[in-house]
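Novice: I have a structure I would like to understand better, so I am pasting it below and will then ask my questions one at a time.
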Amino acid sequence: MALIADPAPPAERAVACRDNPPMQNSFKTVGVVGAGAMGRGIAQLAAQAGCEVRLTDTDPAAVAAAQQE
């Protein structure tokens, strides 16, 4: 398997797929399963982008801790 270097900065790669224009934000609600470090980060970025966020986890304490941040 060959690795292809992508000249786009990481922020641009996260928004646009290779050879495709950035997608328009056509959704208003984001669901995140898992309130660990990664889930919290995804939920935070989605909230900062103006989306309603629904965060869930099997551990209610993890959700409560994420809401405190």
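Novice: Students often check this: by mean Cβ neighbours within 10 Å, which of 40-48, 57-65 ranks highest, and how do the rest follow?
Specialist: Going from most to least packed, we get 40-48, 57-65.
Novice: Equivalent-ellipsoid semi-axes (√(5λ), Cα gyration tensor) for segment 23-69, whole Å, largest first?
Specialist: 20, 10, 8
Coordinate-derived values only; no laboratory data. This one's a predicted model, so the numbers in the text were calculated from it and none came from an experiment. Note: ideal-geometry Cβ built from the backbone for every residue, glycine included; neighbour counts use all protein chains shown.
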